[in-house]
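These notes concern the structure reproduced below.
The values are calculated or read from the model by the stated rules, or taken from the named source; none is laboratory data. In this text, all values refer to a predicted model and were calculated from it rather than measured experimentally. Neighbour counts are summed over all protein chains in view; Cβ atoms, including those assigned to glycine, are modelled from backbone coordinates with ideal geometry.
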Amino acid sequence: MLVELLKPLDRKLVRDLWAIKGQALAIAVVIGCGVGMYVMSRGMLLSLAETRAAYYERYRFADIIAPVKRAPTGLLDEIGALPGVRRAETRIRAGVILDVPGASAPITGEIQSLPEIPTPHINDIVLRRGRYLDPQHEEQVLALDAFAEAHGLQPGDHIHAILNGTRKRLTITGIVLSPEYIYAISPGEIVPDKKRFGVLWMSRDALAHAFDLDGAFNEAVLLTSAGSNEDALLEQLDTMLKRYGATGAYGRDQMISDQFLVNEINQLETIGRILPPIFLLVATFLLNVVVGRLIDTEREQIGLLKAFGYTDRAVALHYLRMIGVIVILGIFIGVALGTWLGRGLANMYQDFFKFPFLIFRAPAQVYLVAVGVSLLVAVTGTFSSVRRVMRLEPAVAMVPPPPPDYSRSARWLERLSGWIDQPTRMILRHVYRWPRRAAMAVLGIAMSKGLLIGASFSMDAMMYMVDISFNVIDRQDVTVNFFDPRNDRAIQDVLHAPGVMHAEPFRAIPVVLRNGPRTRRESIVGILPGAELSRIVDTGLNPIPVAPQGIVLSDKLAELLKVTPGELLRVEVRTGRRPELDIPVSQVVKTYMGTGAYMDLDYLNRLLKEDTAINGTYLLVDPEQTDALYAELKNTPLVAGVSLQEQAQNAFYETLQDSLGTFVFFNTLFAGLIAVGVVYNNARISLSERARELASLRVLGLTRGEISYILLGELALLTLLALPLGALLGYLLAATLVLSFDTELFRIPLVIAPSTYGYAALVVLLAALGSGLLVRRRIDRLDLIAVLKTRE
Amino acid sequence: MNRADYPAFRAEGLTKVYGSGEATVYALRGVDLEVARGAMVVLLGPSGSGKSTLLNILGGLDSPTSGRVFFDRRELTAFDDRHLTLFRREHVGFVFQFYNLIPSLTARENVALVTEISQNPMSPEKALGLVGLEQRMDHFPAQLSGGEQQRVAIARAIAKQPNVLFCDEPTGALDSQTGIVVLEAIARVNSELDTTTMIITHNAGIAAMADRVLYMADGQIQRSETNPEPCAPEELSW
C-alpha cells in the first residue's frame, strides 16, 4: 500500500481523511459550488464583455445612429466634418412585413441597405453562408442568421416582403450576423423571438427605389473618435438634421441589442457578487464546525502526540494539511464545475446572443481569486480550532474531559419538564447547551432554503410580470402599425378585416423629453380615455383612464427624468411641425416593461395642431379567424408592422423555461447540496460525539428508533427552526436581486409564490431526510460492546 | 418443576470465535453454566479470559458462534435483534465501568429515561434512594463525583426491577472507599429485590461478597466456587 511509504503522522492524515470522507466531500462540494459559481459568472461576464468589445471593434459597430425622414446623401460630408466624428455613413433602414413559407402570421422585420462595396465601413456584417449581394439583381437580400435558422431558410430560398406597401419576392443569397443584432428583438419586447423578427439587407439602390429615397438616406451611422463628447455631438446632429425630419440621434445606450447585452452582463455581475459569497460563507461555517468538533474528539491524541515530543507547530500543521486537502479538493471541484457550467452557459447564450464566436474563457485572475478566497475561507473557518490545537497542554489533553455541564439550563426549559419525556429533554438541553453550534446549523440550513427561494422566485416574478403586462395592461391580440399617420377612418377599414371584434386606435410620436439636464428619447403613445385593450394602470395595478390633459409617464421614466405629477416637462416633438412644449405630468403609471409615455389621443392631436390622426390600432381578434386576418394584413399596403400578443407571450414563456429553468435547476441542485452538506455534517459529528452515549442507551434497552430520535430529532428540530428563517432570507435575497434587475428594459416585481416557499421547504426537508437516513444507517451499526469497555 | 426452580440462565457449549485463519481467536471454548435465581455471581479472570464475552452473550449484546443460552425457559440464542432489545429492555440492567450517564440529564432524569420505557418500574426517586442518593437527584453528572455517578448508573439499571443485573468492572474507575459504597448498593439491590447479579472484576477481593465465584481463563470456566457465607461489602478491602 502507498500509505506504508508515508511518515506515521501522514498515515494518520490519510486514514483520518478517509474516515471522514463523507463529511470532507460534503464540505469540498459546498466550496466547489461557491468557486464554480464564481468562475462561471465572472468568467462568463469577462468572456461576454471581451467578445462584445472585440466584435464591435472588428465589425465597427456604430457609436451613434441618427434617424431622419429623408435627407440628401450630399449631407454626409457635413456630418463627417462634425467634431468628434471618426467616420460617418448613410443608409436606409425601414420596417417591413415578411411573409415566409410555412408561417401563417405576418412577421415584422427590418430591412436595411448595404453599400455597393462588399462590406459597409460601419456596422459591418459577418457572412456565415452564401454570398454577398450582386448589385445587378435588385431582388437579392441577405438574411439575419437567427431568423433564417428559425425558418430553415437557406441561400437560394425565396421569401415575400411588403416594402413600402408593395409586395415583393426576394431571393436570399447569404446568411449573415451583425453586431447591431446580437440580440435580435422587436422593439417593445423583452425576449428575442427568432421566428417573429427578421432582418434583411438589400442593395442600396434597390431599397432606395422601393422607398423613394434615391439620392437620399434616412439614417446616418457614426463612429466617434476617442475622447469625443457624445452628448454635444448628439445635440449638433439633431440641430443639423432637424429640417430633414430627425427624430433624435442616439448612442449605444439606446441601441436595443446592446442594451440587452449590457443588461445580461450586469446580471452576471450581480449573480457573481451575491451567490458565491453565500456558498463560501456556508463552507466557512461547515469547516468551523467540522474541524472544531473533530479536534475536540481528538483531544487525547493531540495530547499524546505532544507528550511524545511533536511540537505545537507540527501538530497544528497536521490539521492544517487535513483542512488543506479538503479545500484543494473543493477548489478542483469548483474549477471543473465552473468551467463546465461556463461552457454550457456560453452555448446557451449562443442561442440568444448571436456572436460570430463566443468562447467561455475565464482568465487566470478569476481562478486566482477563487483560490485566494477559498484559502481565506479555510483560514477564517478553522483559525480558532487550529489555535486551540496549538494551545492544548499535553497533560490536560490526556485527561478525559469531564462530562459537559448541563446544569445551567434555561428556566423555560425546566418548566416544560413535566410535559416532555427524557429523550426530548436531551434534545432540548443539547441545543441549549451549544447555542452557537445550533444557531450555525440553523443558519446554514436557512441559507440553503434562502438560496432556493432567491433562485426560483424569478420565475414567479416573471410570470406575474407577464400576466400583468399581457392580461391587465396590454390585452390586445394584435397591434398593427401603419406607415404614416392616417385619419381615424382607417380604423373602420381595419374593423372590416376578418375576425376583428374590436379595434382601438393609437398614435405614437417620437419625442425628446427634458427635465433640466435629464433627457430621454422616447415615444408618446396617444390612447383613448376609455381604452379597453391597451390600458394604463396605477401603482395598485388598477386600470385607470388616461388623464384628459398632460403627459402620463411610466414609473421608471418618471424616475429617470426625476419628475413627479404636477411638474412641467419639456416635450420636443420630433415629427410634423416639431413643436416644443412644456406639458405638466398628469399621472405616473405602473409598468414592468420599457419606459412608456402616454397621452389622451385627442389632447395629443390638439397639441400637434393636427386633425385626428392615428398611426396604429390595437385589435381584439376572433381566434377562429386569425389565419384569415393574418393573410389580409400581409397584403394590406398601409401596414408597416404587426405584433401578435399571444406569440410574444409564448416566446416569453419558452425563453423563461429554457434559460431560467436551467438556472433554477442548477440552483436547486446547489442549494440541495448545501442543505445536505450542513445537515449531514451535523448529524455525522453529533453521532461521533455521542456514539457512546447512544450505544449505552441501546444496551439499556432503547430501540434503534428511540436512539435515532435523540440524534435525528435534534436535526429535525434545527431544520424546522431553519424553515421560517430560510423563508426570510429568501425574501431578502429576492429583494436584493429585484433591485439589481430594475432596468430601463424591464423590472421584476418582488413576487414570491407560496408554492416557491413550499418547494424550497420541501427540497430542504428532503435533503435533511436523506442525510438523516444516511446517518441512521450508521446508528444501526453502533458497536454496543465497545461502550462497555472504552472510556471515550 | 415450578418457575422458581428454573435457573436464571443456562448456557450449553458456548463458543465464540473471532476472525479466521491464522488470526482466529477463541474467546469462549465450550462454556456450560447455570446461574441460579437471585444469586450474586462474581466472574474473576485475567484480561482476555472470556469473561466479558460471556457476560455480553448472557446480556443479549452478542451472540455465540455455537452453543445455546436460555433465559428462564426461553432460548436467547434464537432471538433476533428486535427481541434481544426487548429482552434487555424488560429484564436486564447494565452497569458500566465508566458509568455512561447521559450528561444532559439529571440523576433523576437519567433513571427516568429507563423507567419511561419499562413495564413495571419503581419510581426514579425510590431507585436513587436505594443507592443513597436522595439528596443528589437533581444534579447533573458533571456535578457528581465518580462514585455518585456510578451509583446513579446502578439506580438506572435497577429501577426497571430487572431480573438480572450485569456489572462490568463497576469499581474499576473508583478508589476502594468509593468502590465499597458502590458495591453496597449492588448488594442491597441483590438482596432486597432478589435480582440475579453478575459482576465482572479483576479484583479478587470482591469475590468474598459473592454466593458463587467463577474463575475464567482461556475461554473456559476453570473453577466454580460456592461461598456459603458471603461477607458484607463493608468488610471487604483491597
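Assorted remarks:
- Of the residues making up the range A:763-792, those that are within 14 Å of another protein chain (Cβ to nearest Cβ) and modelled with pLDDT of 80 or more are A:I779, A:D780, A:R781, A:L782.
- Count of the range A:432-488 residues, restricted to those that are away from chain B (no Cβ under 14 Å) and in a helix (DSSP H, G or I), is 36.
- Those residues of the range B:85-141 which are among the hydroxyl-bearing types (S, T, Y), at the interface with another protein chain (Cβ under 7 Å from one of its Cβ atoms) and within 21 Å of A:R433 (Cβ to Cβ), in sequence order: B:S104
- Looking across the range B:1-33 at every residue that is exposed (fewer than 14 other Cβ atoms within 10 Å of the Cβ) and of a type in the set (D, E), the one that is nearest to B:T195 (Cα to Cα) is identified as B:D5.
- Condition check for B:E229: more than 21 Å from B:L61 (Cβ to Cβ), of a type in the set (D, E) and buried (at least 16 other Cβ atoms within 10 Å of the Cβ): no
- So B:I200, is it assigned to a strand (DSSP E or B), within 14 Å of chain A (Cβ to nearest Cβ) and under 30 Å from B:R37 (Cβ atoms): yes
- Filter result for A:A722 (buried (at least 20 other Cβ atoms within 10 Å of the Cβ), assigned to a helix (DSSP H, G or I), modelled with pLDDT under 85 and among the aliphatic types (A, V, I, L, M)): no
- Scanning the range B:92-108 for residues being touching a Lys or Arg at 6+ places or on another chain (Cβ under 6 Å) and either surrounded by fewer than 24 Cβ atoms within 10 Å (Cβ to Cβ) or β-branched (V, I, T) (or both) gives a total of 1.
- Segments classed as strands (runs of 3 or more DSSP E), wholly inside the range A:38-113, with at least 1 members that are under 30 Å from A:T626 (Cβ atoms): A:93-99
- Test: A:S417 is modelled with pLDDT of 85 or more, among the polar types (S, T, N, Q) and in a helix (DSSP H, G or I): no
- Scoring A:A216 on the criteria (1) surrounded by fewer than 19 Cβ atoms within 10 Å (Cβ to Cβ); (2) in contact with a helix residue (DSSP H, G or I) (Cβ under 7 Å, 6 or more places away or on another chain); (3) small (G, A, S) leaves a single failure, condition (1).
- Given (1) in contact with a strand residue (DSSP E or B) (Cβ under 6 Å, 6 or more places away or on another chain); (2) not in a strand (DSSP E or B), index of the condition B:R223 fails: (2)
- Helices (runs of 4 or more DSSP H) within the range A:533-640 that include 1 or more residues closer than 30 Å to A:M463 by Cα: A:555-561, A:626-634
- In summary, A:E693 fulfils each of the numbered conditions (1) assigned to a helix (DSSP H, G or I); (2) surrounded by fewer than 17 Cβ atoms within 10 Å (Cβ to Cβ) with the single exception of condition (2).
- Of the set (1) in a loop (DSSP other than H, G, I, E, B); (2) within 36 Å of the chain's Cα centre (by Cα), all apply to A:A143 but (1).
- Hits in the range A:134-173 - residues which are under 18 Å from A:D205 (Cα atoms), surrounded by fewer than 19 Cβ atoms within 10 Å (Cβ to Cβ) and not polar (S, T, N, Q): A:D134, A:P135, A:H137, A:E138, A:E139, A:G165, A:R167, A:K168, A:R169
- Unmet requirement for A:D611, which otherwise passes all of (1) under 21 Å from A:F197 (Cβ atoms); (2) at pLDDT below 90: (1)
- Pairs linking a residue in the range A:547-567 that is without any contact (Cβ under 8 Å) to a residue 60 or more places away in the chain to a residue that is among the hydrophobic types (A, V, I, L, M, F, W, C) and in a helix (DSSP H, G or I), with Cβ atoms under 9 Å and 6 or more positions apart or on different chains, are A:L553/A:L561; A:V563/A:L557; A:T564/A:A558; A:P565/A:A558.
- Only listed residue being surrounded by 16 or more Cβ atoms within 10 Å (Cβ to Cβ), at pLDDT below 90, assigned to a strand (DSSP E or B) and in contact with a Gly (Cβ under 8 Å, 6 or more places away or on another chain), chosen from A:R507, A:R521: A:R521
- Consider the range B:37-61 and keep the residues that are at the interface with chain A (Cβ under 9 Å from one of its Cβ atoms) and farther than 24 Å from B:T115 by Cα. The one that is modelled with the highest pLDDT is B:T53.
- Residue satisfying condition, being surrounded by fewer than 19 Cβ atoms within 10 Å (Cβ to Cβ) and either among the hydrophobic types (A, V, I, L, M, F, W, C) or on the phi > 0 side of the Ramachandran plot (or both), within set A:M465, A:M501: A:M501
- A:L750 vs. criteria modelled with pLDDT of 85 or more, more than 14 Å from chain B (Cβ to nearest Cβ) and assigned to a helix (DSSP H, G or I): no
- The lone exception for B:K160 - which of (1) under 18 Å from the mean Cα position of the chain (by Cα); (2) under 24 Å from A:W419 (Cβ atoms); (3) of a type in the set (D, E, K, R); (4) more than 10 Å from chain A (Cβ to nearest Cβ) it fails: (4)
- All positions within the range A:174-196 that are modelled with pLDDT of 90 or more and either among the hydrophobic types (A, V, I, L, M, F, W, C) or buried (at least 22 other Cβ atoms within 10 Å of the Cβ) (or both): A:I175, A:V176, A:L177, A:S178, A:P179, A:E180, A:Y181, A:I182
- Among residues of the range A:41-76 being surrounded by fewer than 17 Cβ atoms within 10 Å (Cβ to Cβ) and within 20 Å of A:A226 (Cα to Cα), the one that is nearest to the chain's Cα centre (by Cα) is A:A49.
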